[in-house]
1. Could you give every pair whose Cβ atoms fall below 6 Å, whose first residue belongs to region 113-127 and is without any contact (Cβ under 8 Å) to a residue 40 or more places away in the chain, and whose second residue is within 15 Å of ligand 2 (Cβ to nearest atom) and open to solvent by 40 Å² or more (accessible area, probe 1.4 Å), counting only separations of at least 6 or pairs across chains?
2. What number goes with the only condition from (1) in a helix (DSSP H, G or I); (2) surrounded by fewer than 23 Cβ atoms within 10 Å (Cβ to Cβ); (3) of a type in the set (S, T, N, Q) that Ser168 does not pass?
3. Taking the conditions exactly as written (out of contact with any strand residue (DSSP E or B) (no Cβ under 9 Å at 6 or more places or on another chain) and of a type in the set (S, T, N, Q)), does Asn149 satisfy them or not?
4. Please indicate, with yes or no, whether at least one residue in region 34-55 is farther than 21 Å from Lys139 by Cα, hydroxyl-bearing (Ser, Thr, Tyr) and surrounded by fewer than 20 Cβ atoms within 10 Å (Cβ to Cβ).
5. How many of the residues making up region 189-227 are at positive phi and touching a residue at least 12 places away in the same chain (Cβ under 8 Å)?
6. Go through region 138-165 and count every residue that is among the β-branched types (Val, Ile, Thr) and either in a strand (DSSP E or B) or surrounded by fewer than 17 Cβ atoms within 10 Å (Cβ to Cβ) (or both).
7. Is there a residue in region 117-130 that is away from ligand 2 (no atom under 14 Å from the Cβ), modelled with pLDDT of 85 or more and at positive phi?
8. Out of region 85-111, which residues are within 15 Å of ligand 2 (Cβ to nearest atom) and either surrounded by 20 or more Cβ atoms within 10 Å (Cβ to Cβ) or not aromatic (Phe, Trp, Tyr) (or both)?
Amino acid sequence: MNDKNKYSNVTLESVKRNPAVNAFIKSANDYLGTIGYTEHGMRHAGLVASIAENVLLYLDYPKRMQELAGIAGYMHDIGNVVSRYGHGQSAALIAMRLLKDIGTTPEETALIISAIGNHEEEAGDPVNPVAAALILADKSDVHKTRVRNRNISKYDIHDRVNLAAKRSFLRVIKDRRTISLKLSIDTKISKVMEYFEIFMSRMLMCKNAATFLNCTFELIINERKLL
Ligand SMILES: [Fe+2]
Ligand SMILES: [Fe+2]
């Protein structure tokens, strides 16, 4: 099969306009809100899509690969519509069904669903560049706007860490082969230690993903290099 047949002309923009995709993202986010989880809606989906796309752009991966990383990023949390548990796997299967209607080729669908199915700590490995980019993009979205719990007395550690994150930025420097996650954390709200308590496994995942992309992962919190 030549490259022409391997690729469709489905774009991230067309997936973002798909009513079924958006209905599932919206419902999944509503259900997670009901059980007290942070924001996983359009904001998170759109942001993860563009970060995943940019990771591969800055590392000079082919244009089509960048686009597929964007699509995987946009759809990655859609499985929360079924259940929080195993949502990576259910998201992959739901995405496969939706992408059939949307018109991606089997090769493209394979890349997208493998990335989606590997984005969570419990069962996630950087099995290809799209999966590695998605892991880095998803795990770097820590931000105060994700906290939905309005009752301070009910804040859990996830709420505190997200609320304390005033700024997060993933920087890819191709020449130095480094991928750095830079965070500004308000230590009056959450101690850096709390960040590590819940994010250690995520950071290890980012480290593996960066290694897969032939890069070194750095974690910089409040201008201090911690990893
Ligand atoms: Fe997820
Ligand atoms: Fe996510």
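The values are calculated or read from the model by the stated rules, or taken from the named source; none is laboratory data. This structure is a prediction, so every number in the text was calculated from the model and none was measured. Here the Cβ is made from the backbone with ideal geometry for all residues, glycine too, and neighbour counts use every protein chain on show. In case anyone asks, the SASA skips ligands and DNA or RNA and just uses the protein heavy atoms, side chains included. Shrake-Rupley method; radii C 1.70, N 1.55, O 1.52, S 1.80 Å.
1. What qualifies is Gly117/Gln89.
2. All conditions pass for Ser168, except number (1).
3. Working: out of contact with any strand residue (DSSP E or B) (no Cβ under 9 Å at 6 or more places or on another chain): yes; of a type in the set (S, T, N, Q): yes.
Yes; evaluated as a whole, the condition is true for this residue.
4. Yes, that holds for at least one residue.
5. Our first condition is that a residue be at positive phi; within region 189-227, this holds for 214, 222-223.
If we keep only those that are touching a residue at least 12 places away in the same chain (Cβ under 8 Å) too, we end up with 214, 222.
Here the count works out to 2.
6. At the first step, the residues of region 138-165 found to be among the β-branched types (Val, Ile, Thr) are 142, 145, 147, 152, 157, 161.
Now drop any that are not either in a strand (DSSP E or B) or surrounded by fewer than 17 Cβ atoms within 10 Å (Cβ to Cβ) (or both), which leaves 145, 152, 157.
The total comes to 3.
7. No, the conditions are met nowhere in region 117-130.
8. Residues of region 85-111 within 15 Å of ligand 2 (Cβ to nearest atom): 85-92, 94-95.
Hits for region 85-111 are Gly86, His87, Gly88, Gln89, Ser90, Ala91, Ala92, Ile94, Ala95.
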